[in-house]
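The values are calculated or read from the model by the stated rules, or taken from the named source; none is laboratory data. Everything numeric here is computed off the predicted structure, so don't read it as measured data. As a convention, Cβ positions derive from the backbone with ideal geometry for all residues, glycine included, and neighbour counts pool all protein chains shown. The protein model used for the area step is the full one, side chains on, heavy atoms only, and it has no ligands, DNA or RNA in it. Shrake-Rupley method; radii C 1.70, N 1.55, O 1.52, S 1.80 Å.
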Amino acid sequence: LISAFYNIVDQIFIGNSELGFYGNAATGVSFPIICIANAFAWCIGDGAASYLSICSGRKDVEGAHKCVGTCLVVTTLISIVLCILSLVFTTPLMSLFGASDQTLDMAVSYFRIIGAFFPIYLLINVMNSMIRSDGSPGFAMVAMIIGAVTNIALDPLFIFVFKWGIKGAAWATAIGQTLSFIFCIFYFF
């Protein structure tokens, strides 16, 4: 819910800016690609969570450590590949997913920033699953809420005050995700 909330909040603030419904269409076009990228993270994260629960039941600390390390490395590699593909093929992807002549430039501007942060975004989702399976669902929820609240606070500042438009919404999302990522990193130490 909180992952989807980022897009909903961006839609609200963009829709009420001078970008209007064209801005909403531009961000909406990127949402399916973000969901596809998230699917990789959720697959790895939920698989890791199940395996970590098994390790916990067996008291297999070594297996749990290997699982965490493997999942973080695999997610990092996948997310870097997705990031590179998204950045190289931003314009064709936006067109493929429905950007029109009126929305293509905005969609590309928004998605280039979001796509550049795929490694952080995917790692958050994987780490969050592992944190929940480690018996700390409250910590995992706080990590996600920190990012969402940051996004809510920065969206109006970047869009309306700084006049960054659709790029402001993307940067607010990226900064929120980065704060969640940093919070999750602390858990593992």
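Starting from segment 57-71, take each residue that is in contact (Cβ under 8 Å) with a residue 40 or more places away in the chain and within 20 Å of I44 (Cβ to Cβ) and list its partners that are open to solvent by 90 Å² or more (accessible area, probe 1.4 Å) and basic (K, R), counting only C-beta distances under 9 angstrom and pairs at least six apart or across chains.
Matching pairs, first to second residue: none at all.
Being under 19 Å from S17 (Cβ atoms), open to solvent by less than 60 Å² (accessible area, probe 1.4 Å), in contact with a helix residue (DSSP H, G or I) (Cβ under 8 Å, 6 or more places away or on another chain) and assigned to a loop (DSSP other than H, G, I, E, B) narrows it down to one of A107, A99, so name that one.
Going through A107, A99 in turn, the sole match is A99.
Give me the pairs: first residue in segment 1-26 and closer than 18 Å to S100 by Cα, second residue surrounded by 15 or more Cβ atoms within 10 Å (Cβ to Cβ) and among the hydroxyl-bearing types (S, T, Y), beta-carbon distance under 7 Å, and six or more apart or on different chains, which are they?
Q11/T27; I14/T27; Y22/T103; G23/S17; A25/T103; A26/T103; A26/Y110
Out of G28, G45, I need the residue that is under 30 Å from D155 (Cα atoms), modelled with pLDDT of 95 or more and surrounded by 15 or more Cβ atoms within 10 Å (Cβ to Cβ). Which one?
G45
Regarding I113, is this residue within 24 Å of V9 (Cα to Cα), part of a helix (DSSP H, G or I) and in contact with a Ser or Thr (Cβ under 6 Å, 6 or more places away or on another chain)?
No.
Between a residue in segment 131-154 that is under 13 Å from V9 (Cβ atoms) and any residue that is part of a helix (DSSP H, G or I) and of a type in the set (D, E, K, R), which pairs come within a Cβ distance under 8 Å, given they are 6 or more apart or on different chains?
Taking only residues 6 or more apart or on different chains, the pairs are N151/D10.
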